[in-house]
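Everything below concerns the one structure shown next.
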């Protein structure tokens, strides 16, 4: 029988697979918001009956940033762009949908064999964390739009966060908050960069930057 933590992991898997197969940028943003909310709930589920002040605050920060602020920044950036879909990615969506389950199967195999420092709260935590990181990296390298690559960066960080929360119940919250702050700054900086790219070049295809000459 699945636990609530397992259900969160299943949500991450499903959102990753849909992210790999959809071209609609607004849908991608909504899926990343769902991931952020799921990750925000995860610390509460991990601590369960021993829930204290720190996990609650940490959970609230994650939900606020990943579930509300980051998606809002991406939506604002999208509203400034003359694009609504990732039309011609480096890797097609059909191939992406084939590679997704293969990557998930590989992560399940790797996760079952990795030596871990302690007991995990779910047998799915390590494989799903690895798969989320791989999905984020794949979005970064296989998509042309700068906005989609920013989303890949967020998905990558979501995988790191999911694995860290699930493996270490007594995690160093100061370190986790430091990571969130870095991501927070990075998203805003990348949002500004995307806006200026679109204003100057009327597109946000990063592959066309190779045509620039000094």
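The values are calculated or read from the model by the stated rules, or taken from the named source; none is laboratory data. What you see is a predicted model, and the numbers here were worked out from it, not measured in a lab. Neighbour counts run over all protein chains shown; Cβ positions are idealised from the backbone, glycine included.
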**Request:** Could you check residue 79 against (1) under 19 Å from the mean Cα position of the chain (by Cα); (2) surrounded by fewer than 16 Cβ atoms within 10 Å (Cβ to Cβ) and say which number it fails?
**Result:** (1)
**Item:** Yes/no for residue 23 being farther than 18 Å from residue 162 by Cα, surrounded by 14 or more Cβ atoms within 10 Å (Cβ to Cβ), modelled with pLDDT of 85 or more and in contact with a strand residue (DSSP E or B) (Cβ under 6 Å, 6 or more places away or on another chain)
**Value:** yes
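Can you find a residue that is in a helix (DSSP H, G or I) and at negative phi anywhere in the range 113-125?
So far as the range 113-125 goes, yes, one or more of its residues are in a helix (DSSP H, G or I) and at negative phi.
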**Request:** Out of 191, 152, 178, report the one residue that is closer than 19 Å to residue 39 by Cβ and either part of a strand (DSSP E or B) or modelled with pLDDT under 65 (or both).
**Result:** 178
**Asked** Just for the range 123-158: of the residues that are within 9 Å of the chain's Cα centre (by Cα), farther than 15 Å from residue 21 by Cα and in contact (Cβ under 8 Å) with a residue 40 or more places away in the chain, which one is surrounded by the most Cβ atoms within 10 Å (Cβ to Cβ)?
**Response** 158
**Complete:** residue 56 meets each of (1) surrounded by fewer than 14 Cβ atoms within 10 Å (Cβ to Cβ); (2) closer than 27 Å to residue 148 by Cα; (3) in contact (Cβ under 8 Å) with a residue 12 or more places away in the chain with one exception, condition (2)
**Request:** Select from the range 85-113 the residues that are at pLDDT below 85 and surrounded by 12 or more Cβ atoms within 10 Å (Cβ to Cβ) and list them in ascending order.
**Result:** 86, 88
